[in-house]
Amino acid sequence: MTQADLARAANVNQGYISAIERGLATPRSRTLDALAVALDKPQSLLLGGGADHDTPQPLETRELPLFGSIPAGPPSETQEQLEMFPVLRHQWSPDHYCLRLSFDSMEPTLKPGDIVLVHFRAGVEPEHVQGRICACLVDGLPTLKRVSVEWRSGERVVILRGDNPRVPPMLIDTAGEFSIQGIVVQLVSRDL
C-alpha cells in the first residue's frame, strides 16, 4: 500500500503520513485508530514493541447518545428515539453523539444503517467545514450531506452533496433556513 493509498483509506493527509514514517510527527489517538482501521491491524502493532505489543487487549467502551436516524437523502422527518450506543473509550467525548443513517445518497462512503460518530458543532460556518460530511438542518428538517461553499456573483452559495453520483446536489439559497448541527468524524458501526 502506498502512502497515497493509506492517506485516502484513513482520510489523513499524505504529507502527515510521510512525517510519521520519518519520525517527524507523532500521530494522535484518532489518527492511529484511522490508520489501524485502514491497515486492518491493531493499534498496538503500529506502536511497536512493549509488553502489550501483540497481546490482545480488552475493549474499553463508553456510552454515547444515539439520537435515532438521520436521512442521508432529501431533508425529511426523522424518527428520533434516544438510546445509548457503546463506542471505544478513545472515541468518547462529551461533545460527541451518534446517528444512524437512512437512505443511500452517501453511498459508497456511508450506507443505510451505518452509525456515525458526530462532533456537536451547532452553528459552525459552512466555510469552516468545506468538504466535510455534516448533520445539517434545511428548513428545520435534518439531512446528512457533504458541505461545500462557492461564491457566485458575490453571493455565498452552500452546496450539499451526497457521495452517490446519482443524487443531485442541493443548493441552499439565502431565503432558506440552514444550519450545521455537527460534523461526522468517524464510522463506528456497519452491519455486514
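For the stretch 1-96, give me every one of the helices (runs of 4 or more DSSP H) that falls completely inside it and has 2 or more residues that are at pLDDT below 80 and open to solvent by less than 70 Å² (accessible area, probe 1.4 Å).
In the stretch 1-96, the matching helices (runs of 4 or more DSSP H) lie at 43-47.
With the structure loaded, tell me whether E127 is among the acidic types (D, E), under 15 Å from the mean Cα position of the chain (by Cα) and not in a strand (DSSP E or B) or whether it fails that test.
no
I'd like to check something: does the stretch 115-127 contain any residue that is in contact with a helix residue (DSSP H, G or I) (Cβ under 8 Å, 6 or more places away or on another chain) and modelled with pLDDT under 90?
Within the stretch 115-127, none of the residues are in contact with a helix residue (DSSP H, G or I) (Cβ under 8 Å, 6 or more places away or on another chain) and modelled with pLDDT under 90.
What is the residue count in the stretch 156-192 for residues that are open to solvent by 70 Å² or more (accessible area, probe 1.4 Å) and part of a loop (DSSP other than H, G, I, E, B)?
11
Could we say that S153 is surrounded by fewer than 20 Cβ atoms within 10 Å (Cβ to Cβ), in contact (Cβ under 8 Å) with a residue 12 or more places away in the chain and farther than 25 Å from A9 by Cβ here?
no
Please verify whether the stretch 119-133 includes one or more residues that are touching a Leu at 6+ places or on another chain (Cβ under 6 Å), touching a residue at least 60 places away in the same chain (Cβ under 8 Å) and within 19 Å of P65 (Cβ to Cβ).
Checked the stretch 119-133: no residue is touching a Leu at 6+ places or on another chain (Cβ under 6 Å), touching a residue at least 60 places away in the same chain (Cβ under 8 Å) and within 19 Å of P65 (Cβ to Cβ).
When you look at L192, is it touching a strand residue (DSSP E or B) at 6+ places or on another chain (Cβ under 8 Å) and of a type in the set (A, V, I, L, M), yes or no?
When the stated conditions are applied, L192 does not pass them.
Any residue at all in the stretch 143-150 that is out of contact with any helix residue (DSSP H, G or I) (no Cβ under 8 Å at 6 or more places or on another chain), charged (D, E, K, R), part of a loop (DSSP other than H, G, I, E, B) and buried (at least 16 other Cβ atoms within 10 Å of the Cβ)?
Within the stretch 143-150 (the criterion being out of contact with any helix residue (DSSP H, G or I) (no Cβ under 8 Å at 6 or more places or on another chain), charged (D, E, K, R), part of a loop (DSSP other than H, G, I, E, B) and buried (at least 16 other Cβ atoms within 10 Å of the Cβ)), the answer is no, since none of the residues qualifies.
The values are calculated or read from the model by the stated rules, or taken from the named source; none is laboratory data. Here the structure is a predicted model, which is why all the values come from computation and not from measurement. A quick note on method: Cβ atoms are made from the backbone with ideal geometry, for glycine too, and the neighbour counts reach across all protein chains shown. Areas reflect the complete protein model, heavy atoms only, side chains present, ligands, DNA and RNA absent. Shrake-Rupley method; radii C 1.70, N 1.55, O 1.52, S 1.80 Å.
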